[in-house]
Amino acid sequence: MLSLENFKASKSSVKVVTGHIKYGAHHIFPCKSKYITFLRCPIERAVSHYYFIKDSDPKIYEHPYRKFADSVSLEKFYENPFFRNMQSQYIAGYMSSLFYKRTSDKLISESILENVAYQNLSRKYVSFGILENFEDSCRIITKKLKLENRLSTISHKKTSKRPKVQDLSQKTIDSLKQSNSVDLELYRKAQELLGGRIQMMREGLRSRKKG
């Protein structure tokens, strides 16, 4: 395990940091940082996250939210502000996420979260992708970061015991949509933004071929 002292001594040499990290982590590094991220269909993500927690093997890894997930239904899990709209919380950053979880006025907190998340995604993230449009997303990110070739990808942490979204009841789907309404709106806007970038990339490729 990396101690705080070792981290402070080595952070100047860090090139890449990966993981589930909220916007704002760059404040602990001395160099300029660039953020990239992938978004996922919010309902798919919500179902996957809940069942990933329940699917974890306590003998190998005791997930910190395992007991809570085991004690409530899928719908009830996302009624908890801590778990609602998690993609937006991460992209909006630490302070916006904290405000969202602690503010009793849901209308105000969700409006602020949505606005900050979209502003960060469109202006402060150097690039982003959408899981449901993976290959084009990788091409966009590769081009933006000026990488010669895309590295190979390895799928891991698959959740084996989860229902498909289409197999859920309409009541459950409606509940998840309500609990993750900010994520759904951010996802819609991200699709539009990425779609425009993909179109520009394809037009550029066609122009080069003609030339």
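Nothing in this text is a laboratory measurement; each read-out follows from the coordinates by a stated rule. Because the structure is predicted, anything quoted here is derived from the model rather than measured. So basically every Cβ, Gly included, is an ideal-geometry build from the backbone, and we count neighbours across all protein chains shown.
Amide H contacts under 5 Å for residue 39: 129, 130, 131, restricted to partners 5 or more places along the chain or on a different chain, H placed in the peptide plane at 1.01 Å from N.
Computed 3J(HN,Hα) for the stretch 184-196, one whole-Hz value per residue from the Karplus formula 6.51 cos²θ - 1.76 cosθ + 1.60 where θ = phi - 60°, is 5, 5, 4, 4, 4, 5, 5, 4, 5, 5, 5, x, x, glycine and proline marked x. Among the chymotrypsin sites (Phe, Trp or Tyr not before Pro) within the stretch 46-77, those in coil by DSSP and having at most 12 neighbouring Cβ atoms inside 10 Å are 61. Within 10 Å of each candidate Cβ there may be at most 14 other Cβ atoms; applying that plus a DSSP loop requirement, which trypsin sites (Lys or Arg not before Pro) in the stretch 129-207 survive? Passing sites in the stretch 129-207 are 146, 150, 157, 158, 161, 164.
Restricted to Cα atoms, the stretch 14-56 shows a radius of gyration and a Dmax of 14.2, 38 angstrom.
Placing one equal scatterer on every Cα of the chain and applying the Debye formula, the log10 ratio I(q)/I(0) at q = 0.10, 0.12, 0.16 Å⁻¹ is -0.53, -0.76, -1.27.
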